[in-house]
Each structure stands twice: as C-alpha cells, then as structure tokens.
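Take a look at the structure below.
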Amino acid sequence: MADCIFCKIAKGEIPSNKVYEDDKMVCFKDLNPQAPVHLLAIPKIHTEKLSDVDEATAGYIGHIFSKIPEIAEKMELGKGFRVIANCGEYAGQTVFHIHFHILGGKPFSPSF
Ligand code: AMP
Ligand code: ZN
C-alpha cells in the first residue's frame, strides 16, 4: 500500500532499526519505546489489523509467531516478554499495518 509507513519499512524504503528480517516479516525497534526492549514485528504484506486476518494472511501471522522465540532469545528476553496487538483505533492502534509489539527488559505487572 503506497502510503503505509510500515510497508515502506518492510520494503526498506525508509530506515528502521531492524533486529530480524526474512522474506515474510521484519522486526524492528519501536521509535518511541515503552520498555527497555520494544520491538515491532510486521508481515511483509499489507493488512490493516488483526480483525482483517483471513486464510490468505494467516500464514504470515503464524510465521511471525514462529520466529518470536528466536527474536526474543537474540534480544536477551529469556526472563520473559509481553506481546501486544492493538486492533483498531478504539484499542489504541495508530499505524494501520498489522503489527505485534514485543516488550521486555523489565518486569511487568500481571494486570494492565
Ligand atoms: P500502535 O499504537 O499499536 O498502532 O503502535 C504503533 C507503534 O509504531 C508506536 O509504538 C510507534 O512508536 C511506532 N512507530 C511509528 N512509526 C514508527 C517508525 N517509523 N519506526 C519505528 N516505530 C514506529
Ligand atoms: Zn502496509
């Protein structure tokens, strides 16, 4: 999608601090970190949000989750980490290319 900032990051058209990349996904550091480690994992296919995932896009999402353990290990998140997807404006989503926040490097409380 032409005007999507995360599509541009996925294509390497704008810079990002990438920690992992393959043919289906990119994982990069969030510009405005909310924890000592704050990464965003995105598919290399444009889908707006979690509620739009279908058979065609589910493979990309499954692939992201298959790589999160490897990324977490690389980023020294062995003690634990949190994964969040904000789905829709009501839930706080601001960038409408599906993404998973990976947060760690500090303890989190059990509740939100
Ligand atoms: P959300 O509110 O779930 O849509 O999260 C969007 C996230 O993208 C926020 O945490 C922003 O800090 C982050 N963000 C926006 N633009 C960039 C960018 N160019 N590079 C890295 N992170 C970004
Ligand atoms: Zn996009």
Tell me which residues, restricted to the range 29-69, are free of Cβ contacts under 8 Å to residues at least 60 places away in the same chain and among the charged types (D, E, K, R).
-> 29, 44, 48, 49, 52, 54, 55, 67
Restricting attention to the range 43-53, does a residue exist that is surrounded by 19 or more Cβ atoms within 10 Å (Cβ to Cβ) and either touching a Lys or Arg at 6+ places or on another chain (Cβ under 7 Å) or farther than 18 Å from residue 1 by Cβ (or both)?
-> yes
With the checklist (1) under 28 Å from residue 112 (Cα atoms); (2) within 16 Å of ligand 2 (Cβ to nearest atom) in hand, flag the one item residue 78 doesn't pass.
-> (2)
Extreme residue, farthest from ligand 1 (Cβ to nearest atom), among residues of the range 71-88 that are within 16 Å of residue 35 (Cα to Cα) and of a type in the set (D, E, K, R) | 79
How many residues does the range 87-106 hold that are free of Cβ contacts under 8 Å to residues at least 12 places away in the same chain and either part of a loop (DSSP other than H, G, I, E, B) or surrounded by 16 or more Cβ atoms within 10 Å (Cβ to Cβ) (or both)?
-> 2
What number of residues in the range 5-20 are within 16 Å of ligand 2 (Cβ to nearest atom) and crowded, with 16+ Cβ neighbours inside 10 Å?
-> 6
What's the number of the condition residue 39 fails, among (1) more than 14 Å from the chain's Cα centre (by Cα); (2) closer than 18 Å to residue 6 by Cα?
-> (1)
Taking the range 98-112, which residues are within 16 Å of ligand 2 (Cβ to nearest atom) and out of contact with any Pro (no Cβ under 8 Å at 6 or more places or on another chain)?
-> 99, 100
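Where a number appears in this text, it was derived from the coordinates with a stated rule and is not lab data. Being a predicted model, the structure only gives us computed values, none of them experimental. Heads up, the Cβs are rebuilt from the backbone with ideal geometry, glycines too, and the neighbour counts pull from every protein chain shown.
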